[in-house]
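Everything on this sheet refers to the single structure shown next.
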Amino acid sequence: MKDMTNLPHLWRTCLAAIKKEVVPALGCTEPISLAFAAAVAASYLQKPIEKIEAKVSANLMKNGMGVTVPGTETTGLIIAAAVGALGGNPDAKLEVLKNITSEQVAAAKQMLADNKVTISVADVTKPLYAEATLFNGADYVKVAIADDHTNVILIEQNHKVLFAATINTNLHATKTEYSLAGITAADIYDFAMSAPLSLIDFIEEAATMNENLSALGMSGKYGMKIGATINSNIKVGMMENGLLTQILMRTAAASDARMGGATLPAMTNSGSGNQGIAATMPVVVVAQHLKVSRERLVRALVLSHMMAIYIHDRLPKLSAFCAVTSASMGAAAGMSYLLKPDFSTVSMAISNMIGDVSGMICDGASNSCAMKVSTSAGSAFKAVLMALEGIRVSGTEGIVAEELDSSINNLGKLACQGMAQTDAQILQIMLDKMPSYT
């Protein structure tokens with residue numbers, strides 16, 4: 001990152017936030033978090049792995065049950081732990097599985113077949129927690145991760161603690177920590193409009209990376225095949241090939257590929273590939289439709305991703321709230337800027353979305369996430385069209401307030417407090433369907 005010492009505080013904060021929250025990841029970040037823990041443990045064990053015991057938080061269990069792990073054609077957390085231990089590269093962080101081989105995958109599947117890998121729900125209060133313990137005879141290494149997908153909080157080897165995080169320590173500490181306290185949605189807009197292009201043009205990598213996923217998803221070989229299904233219906237005249245259809249199709253296709261186990265990385269937002277896709281692809285599609293300049297695209301993407309981070313900052317790390325909706329609120333901001341560059345329109349568009357899809361639940365990461373991604377993208381574009389006409393959900397309706405930041409705060413209260421019981425019920429329903437995970 002460029003030296004930020006002399007930059008305005010707002011710019012420094014936003015750049016630090018984007019650098020931390022918008023990063024590449026290969027595969028769904030919850031199973032990948034467990035794979036990363038297993039890979040770190042393997043790097044310390046340095047012996048053939050005979051057994052793996054994994055424990056995860058209830059929320060991470062929920063988000064890892066039904067998603068395909070890249071390169072394995074297999075779903076679930078157990079395969080993530082096994083292949084992470086046998087072939088993961090801990091230095092690659094969220095791309096820990098990018099270099100796994102077919103031989104390592106086969107060995108991991110054999111461990112599963114031999115019942116040498118177990119997983120259970122950890123007795124922890126943290127929503128994001130993953131623990132992997134690898135054994136060779138009486139020797140073992142335990143690695144635990146919490147709060148962030150690659151945040152190692154414990155390394156223990158043969159009853160000796162090698163590393164234990166405190167409030168102020170982190171095994172992989174960086175200089176990109178940030179606080180959004182005191183910053184408003186209007187500040188985010190000002191940053192995206194005023195920061196020098198040379199400081200923010202790195203965000204183009206999000207467009208490149210997620211467009212590549214979208215193109216792969218259009219092949220119809222991955223996940224729910226939503227993008228490919230829409231495309232085939234365009235060809236037979238069942239759907240018009242308009243801008244909304246392109247947004248739905250190309251955004252869903254990227255999620256199809258990502259959730260279906262494609263071995264291409266996604267550019268994430270706030271720890272989620274689907275959130276990164278949701279914040280990127282609708283903006284890219286509209287920018288290409290309008291044939292805007294590179295600078296307009298960059299500023300729209302920065303606005304989208306930073307607004308998504310700003311909203312997600314008020315949400316739990318993992319919860320019953322489907323955060324592709326909040327990421328799509330970022331996309332609504334980005335699309336609004338491309339069509340009518342003023343904060344009032346951006347504010348109306350986000351308010352419209354808060355009045356529309358705030359109640360969408362997260363019932364775990366799976367192929368069907370692509371449906372929620374496309375639904376949220378459609379809501380975002382509808383919200384923008386209404387805002388362009390000066391129409392918005394008013395402050396007298398539901399959780400929406402007259403002032404945007406108050407609406408966002410209300411959204412956070414709903415997710416943090418109002419959906420706690422919903423989250424527990426969702427997990428119980430899922431565990432009842434899959435007793436082998438209990």
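The values are calculated or read from the model by the stated rules, or taken from the named source; none is laboratory data. What you see is a predicted model; the values in this text were computed from it and never measured. Glycine gets a Cβ as well: all are built from the backbone with ideal geometry, and neighbour counts include every protein chain shown. Just the protein is used for accessible areas: all its heavy atoms, side chains included, with ligands, DNA and RNA removed. Shrake-Rupley method; radii C 1.70, N 1.55, O 1.52, S 1.80 Å.
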**Sole exception among (1) out of contact with any helix residue (DSSP H, G or I) (no Cβ under 7 Å at 6 or more places or on another chain); (2) open to solvent by less than 10 Å² (accessible area, probe 1.4 Å); (3) in a helix (DSSP H, G or I); (4) more than 30 Å from residue 185 (Cβ to Cβ) for residue 16, by number** = (4)
**Request:** Go over the candidates 241, 212 one by one and state the one that is modelled with pLDDT of 95 or more, part of a helix (DSSP H, G or I), of a type outside the set (Phe, Trp, Tyr) and open to solvent by 20 Å² or more (accessible area, probe 1.4 Å).
**Result:** 212
**Asked** Just one of the numbered conditions (1) farther than 23 Å from residue 216 by Cα; (2) surrounded by 24 or more Cβ atoms within 10 Å (Cβ to Cβ) is not true of residue 293; which one?
**Response** (2)
**Fill in**
Note on segment 330-367: residues open to solvent by 20 Å² or more (accessible area, probe 1.4 Å) and among the hydrophobic types (A, V, I, L, M, F, W, C) are 339, 343, 348, 360, 361, 362
**Request:** Take segment 46-83 and flag every residue that is in contact with a strand residue (DSSP E or B) (Cβ under 8 Å, 6 or more places away or on another chain), part of a helix (DSSP H, G or I) and open to solvent by 10 Å² or more (accessible area, probe 1.4 Å).
**Result:** 58, 78
**Message:** Of the conditions (1) part of a loop (DSSP other than H, G, I, E, B); (2) touching a Pro at 6+ places or on another chain (Cβ under 8 Å), residue 224 satisfies every one except a single condition; which number is it?
**Reply:** (2)
**Asked** Which number in (1) in a helix (DSSP H, G or I); (2) over 25 Å from the mean Cα position of the chain (by Cα) marks the one condition that residue 398 misses?
**Response** (1)
**Prompt:** Does segment 86-96 contain any residue that is touching a residue at least 40 places away in the same chain (Cβ under 8 Å), open to solvent by 30 Å² or more (accessible area, probe 1.4 Å) and of a type in the set (Val, Ile, Thr)?
**Reply:** no
**Message:** For the list (1) touching a residue at least 40 places away in the same chain (Cβ under 8 Å); (2) under 18 Å from residue 136 (Cα atoms), I need the number of the one condition that residue 110 fails.
**Reply:** (1)
